[in-house]
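S.K.: So that we are looking at the same thing, I have put the structure below in structure tokens.
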There are 2 protein chains.
Amino acid sequence: MNLEIITKAIASKGLKITHQRIVVYQALLASVIHPTAEQIYDQIKESNPAISLATVYKTLETFVENRLINKVPSPNGTMRYDARTDYHNHIYISNTNEIMDYDDIELKEILLNYLKKKQFENLNITDFKLQIKGEKIDPIKGITIS
Amino acid sequence: MNLEIITKAIASKGLKITHQRIVVYQALLASVIHPTAEQIYDQIKESNPAISLATVYKTLETFVENRLINKVPSPNGTMRYDARTDYHNHIYISNTNEIMDYDDIELKEILLNYLKKKQFENLNITDFKLQIKGEKIDPIKGITIS
DNA sequence: TGATTTAATAATAATTATTATTATTTAGTA
DNA sequence: TACTAAATAATAATAATTATTATTAAATCA
């Protein structure tokens, strides 16, 4: 991923460009599983052994506060992180513990339409998404993927 | 809530009827906020000071394993519990930290239709729900409810 | 550019939420 | 009623996350 894009994204939120932030953001952008803070830490520590786990947590929280990334609660209770901030949905895969993105403009339209039609008294809707839960099937053996 | 219904529900899963289980299940059924284990513990301990927090956790987990109740991950990372097992959606209210049920047959139909139409390769969908996030509005003052 | 200021980080302690352990108690059943 | 397996209380342990503080680095500005 382009380093310039990364530094610009961080700077655009008025945040200082630091090596740690670049590395954490880069790792999150490169991941497709919606990693935990610890998974990001494990991934970056080989090439950056000086970065501490607490810094990873702090950095991620800073990004979330500045709406550069999103937090995703997962069914097993640990927080996951998502570099995407545009509209999309998630599929939680229970047998691999992955969280995958699910994109479909049609779905977004359907949901927007639906919510517009309905009345929600005294409630200001700030977000909505279809949460799909499923299990990956090994096409040969059936559902046995760990 | 009817004690007989509660004991029957517990027994229907082949679980022993204990005072602790009755009290925990009763408290969950009576709650509309989708409480945490600790909130249930706080609520029941006045009339049942001998029940320990660990028992509340254990009891809830037993209920979840036996599909008598459901676990609901929340945006702030702590687990919430839900006595309902029939199809319904949730609205997470960020300014009060409540989780509310949202029921609509039409929505269920829309989503079922949609998912049936789409192809998900190598994925067995086990659950889906619309996750709505919002904030309660004080009709007089605007959004200021804590 | 170099000094200064302010924010960020590393190291680690502390906290919170949850799970595990084990001795004791209890529910279901013979 | 007594037996046996399961459940509970008390508490220790663990996992995930947050707080603290001394140190370091980035941005500002003279």
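S.K.: Quick check: anything in the range A:34-41 open to solvent by less than 10 Å² (accessible area, probe 1.4 Å), in contact (Cβ under 8 Å) with a residue 40 or more places away in the chain and within 14 Å of DNA strand C (Cβ to nearest atom)?
M.R.: Yes, the range A:34-41 has at least one match.
S.K.: While we're here: Which residues, taken from the range B:119-131, are open to solvent by less than 50 Å² (accessible area, probe 1.4 Å) and either on the phi > 0 side of the Ramachandran plot or more than 22 Å from the chain's Cα centre (by Cα) (or both)?
M.R.: B:Phe120, B:Leu123
S.K.: Quick one: which of A:Ser47, A:Ser52, A:Ser74, A:Ser94 is closer than 27 Å to B:Asn70 by Cα, within 16 Å of DNA strand C (Cβ to nearest atom) and over 16 Å from the mean Cα position of the chain (by Cα)?
M.R.: A:Ser94
S.K.: Also: Looking only at residues in the range B:66-75 that are more than 8 Å from every other protein chain (Cβ to nearest Cβ) and not hydrophobic (A, V, I, L, M, F, W, C), which one is nearest to A:Leu130 (Cα to Cα)?
M.R.: Here the answer is B:Asn70.
S.K.: Let me ask something else. Regarding A:Asn76, is this residue open to solvent by 10 Å² or more (accessible area, probe 1.4 Å), in contact with an Asp or Glu (Cβ under 7 Å, 6 or more places away or on another chain), free of Cβ contacts under 8 Å to residues at least 24 places away in the same chain and under 29 Å from B:Tyr92 (Cβ atoms)?
M.R.: No.
S.K.: While we're looking at this one, here's another question. Search the range A:47-64 for residues that are in a loop (DSSP other than H, G, I, E, B) and pair each with any residue that is more than 8 Å from DNA strand C (Cβ to nearest atom) when their beta-carbon atoms are under 7 Å apart and the residues are at least 6 apart or on different chains.
M.R.: A:Asn48/A:Val23; A:Ile51/A:Val23; A:Ile51/A:Ile44; A:Ile51/A:Lys45
S.K.: Hey, another quick one. What is the residue count in the range B:121-146 for residues that are more than 7 Å from chain A (Cβ to nearest Cβ) and within 30 Å of A:Pro139 (Cβ to Cβ)?
M.R.: 1
S.K.: Does at least one position in the range A:80-95 carry a residue that is within 11 Å of chain B (Cβ to nearest Cβ), surrounded by 15 or more Cβ atoms within 10 Å (Cβ to Cβ), under 19 Å from B:Lys129 (Cβ atoms) and modelled with pLDDT under 95?
M.R.: yes
S.K.: Right, another one. Does B:Ser52 meet the test of being over 21 Å from B:Phe128 (Cβ atoms) and either surrounded by 15 or more Cβ atoms within 10 Å (Cβ to Cβ) or of a type in the set (A, V, I, L, M, F, W, C) (or both)?
M.R.: No: the conditions fail for B:Ser52.
S.K.: Every residue in the range B:10-21 that is assigned to a helix (DSSP H, G or I) and farther than 13 Å from B:Thr62 by Cβ, please.
M.R.: Of everything in the range B:10-21, those that are assigned to a helix (DSSP H, G or I) and farther than 13 Å from B:Thr62 by Cβ turn out to be B:Ala11, B:His19.
The values are calculated or read from the model by the stated rules, or taken from the named source; none is laboratory data. Source: prediction; values computed, not measured. Quick reminder, even Gly has a Cβ in these numbers, built from the backbone with ideal geometry, and neighbours come from all protein chains shown. In case anyone asks, the SASA skips ligands and DNA or RNA and just uses the protein heavy atoms, side chains included. Shrake-Rupley method; radii C 1.70, N 1.55, O 1.52, S 1.80 Å.
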